[in-house]
There are 2 protein chains.
Amino acid sequence: MAQRSQELRDALEEEIVNGVFGAGVRLDEQELARRYGTSRTPIREALMQLSAAGLVEIRPRRGAIAAVPDAQRLMEMFEVAAEIEAMAGRFAARRWTPADKDQLLAAHDACRARANEGDADAYYYENELFHEAIVAAGHSGFLQEQCAQLRRRLKPYRRLQLRTHNRVPASFAEHEAIVAAILAHDGEEAARLLRRHVLVQGDRFADLVASLPQLAGAASARKTSSGL
Amino acid sequence: MAQRSQELRDALEEEIVNGVFGAGVRLDEQELARRYGTSRTPIREALMQLSAAGLVEIRPRRGAIAAVPDAQRLMEMFEVAAEIEAMAGRFAARRWTPADKDQLLAAHDACRARANEGDADAYYYENELFHEAIVAAGHSGFLQEQCAQLRRRLKPYRRLQLRTHNRVPASFAEHEAIVAAILAHDGEEAARLLRRHVLVQGDRFADLVASLPQLAGAASARKTSSGL
DNA sequence: CCGGGAACTCTTGTATACAAGAAAGGCCTT
DNA sequence: AAGGCCTTTCTTGTATACAAGAGTTCCCGG
C-alpha cells in the first residue's frame, strides 16, 4: 500500500500532465496541503520526486512551478520518443518469443476492432497496449521503464493528435507493416517504420501548436535545472 | 546556492554511483542524518529524488536500499545508452552548424592527444567531452538531458572498461569514422558506428562481470560496503 | 526442541514548530 | 512626486515531536 506521499506524487503528476495547472504556475505548498487534506511534508516529498522526473521546477527558496513543456521542447520529446520506440522495435525483432508474438497479434487485432468501430478514444487505448507489447517483446526492463515514463508525459498530446487528425485508419495500416517487419526479424525495417509512425504525430505538431493558445504562449516554461 | 537537500542528493548520488554502498544495502535515514550532520527531513527529500531517478528503491515503511544494478540490468542500460548515443549521432549529422563542427573537431583532437600519450584516464575525460559535443550538435535539449542522466549512472563501469581492456586506440579509431560520417551528413552511418562504438563496452561486459564478484553475486543483500 | 504469537523496539511516515530568505508595501528622503 | 530603503509579512527550508507499521525477541505451548 503506497504511502501518502506516493499517492500525492501520482495525483500531482496527473494534474500537471493533464494541464490542470497552466504553464509556469506556482505550486504553493500550503495551498496544495489544504487541497489534499495533509501537511506540507508529504507535499514537499512529492514535489521533490516530480522535480527529479522533470515535471516541476524547484527554484530554491522561491517555490515550485509546473514545468509544462513549450512547443520546442514538446517537439524534442516527440522526436526522442519516436527513436526510443524504434529502438524497442529493433530489439523486439531480434528477441521475440512465441508468447510475445501472441501478445503482439492479440493487441493488433484489438486495434483493428476499434479502428473498424471508428472510436478514436478506444483505439488510442488499444494502441497503447500494442506499443507496450512491442516494448515487452524487446525484453529490456530498463527500456520498458524509459518508454513508460516518456509515454506518460506525452500522453495528453498524443491522444489529442489522434483525435484531431483522424489518424486512426493510417495508424492501423502502419501497425500492420510494423508487425510484419518484427515477425520477419527485420529490425532495421521495424525501427524505420516505428520511427515514422510515432513521429507523424510530431511532424504535424506545428499545426497543433498554432491551435493551442496555452502552448503557443508558453514562453515562461523553462528548462528544468534539476541535475537529475 | 543550492539547498541542503539538493547538496545531499548530489552527495548521495555520488556515493551510490561510485559503489560506496554495496548492492541492496539499507540506507538508514538516521544514520545518514548523523553522517551528514543534518536532520532526517533533507535526507528523506534527497532519497525521494533519487528514488524518482532510479538510484534507490523505496519500499513503503521498510526503508530505502541502494538500487545498484545487477549484471542483467547493466547490460540493458548499456544497450539503451548505445542506442541513445546513436540517436544523437543521427540528429547531429542532420543538424550540425559550423560552430558544432569546430567543437567536435576540437574534442576529437583532444582525444587524439590523450590517446597518443596513452593515458587512459585522461582519454576517458576527453572522450566524454567528445560524446557531449556530438549530443550538443543534435540540438535537442531533452536528448541532452537524457544522455547526461544515463551517462552519469554508467560512468564508473565505462571508465573501468576502457582501462581494463586498453580500448583507447580502437576507441579513437572509431571516433575518426564517426566524425567523418557526421560531417558528411550521413546520419544512418553515424548512428551505426556510434551504436557499435558504445556497445563494444557492453559486448565485452560479460568478461568483466565474471571478474567482479561483487556484481556476479549481487543478488543477495550484503553488508560489505567496503567494496571497490 | 521447534513453532507461533504477543509484547517490545526500532524505523519510517506525517504533523507541527521554528528559522531564514524573498517579495511587497509603506515611509522617508531628495 | 519619485526612488530607494526599511520593515513587515509570507513562503520555503529544516528540525523536532509524534503516530503507526514492520521487525525482533522472548516466552509459552505443542
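The values are calculated or read from the model by the stated rules, or taken from the named source; none is laboratory data. This structure is a prediction, so every number in the text was calculated from the model and none was measured. Cβ placement follows ideal geometry from the backbone for every residue including glycine, while neighbour counts extend to all protein chains displayed. Heavy atoms of the whole protein, side chains included, go into the accessibility calculation; ligands, DNA and RNA do not. Shrake-Rupley method; radii C 1.70, N 1.55, O 1.52, S 1.80 Å.
So the values come out like this:
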read-out	value
Those residues of region A:37-54 which are within 11 Å of DNA strand D (Cβ to nearest atom) and surrounded by fewer than 16 Cβ atoms within 10 Å (Cβ to Cβ), in sequence order	A:SER39, A:ARG40, A:THR41
Counted residues, region A:14-30 - those being of a type in the set (A, V, I, L, M, F, W, C) and within 11 Å of DNA strand D (Cβ to nearest atom)	1
Qualifying position, being within 16 Å of DNA strand D (Cβ to nearest atom), free of Cβ contacts under 8 Å to residues at least 12 places away in the same chain, open to solvent by less than 40 Å² (accessible area, probe 1.4 Å) and out of contact with any Cys (no Cβ under 9 Å at 6 or more places or on another chain), among B:ALA64, B:ALA11, B:ALA33	B:ALA33
Boolean, B:ASP100 is touching a His at 6+ places or on another chain (Cβ under 9 Å), modelled with pLDDT of 95 or more and under 26 Å from A:ALA82 (Cα atoms)	yes
Output for region A:28-56, where each listed residue is away from DNA strand C (no atom under 12 Å from the Cβ), out of contact with any helix residue (DSSP H, G or I) (no Cβ under 7 Å at 6 or more places or on another chain) and either farther than 19 Å from B:GLU7 by Cα or at pLDDT below 95 (or both)	A:ASP28, A:GLU31, A:ARG35, A:GLY54
Scope region B:141-167; condition at pLDDT 85 or above and open to solvent by 10 Å² or more (accessible area, probe 1.4 Å); matching residues	B:GLY141, B:GLN144, B:GLU145, B:GLN146, B:ALA148, B:GLN149, B:LEU150, B:ARG151, B:ARG152, B:ARG153
Count of residues meeting criterion [surrounded by fewer than 21 Cβ atoms within 10 Å (Cβ to Cβ) and in contact (Cβ under 8 Å) with a residue 60 or more places away in the chain] in region B:114-140	0
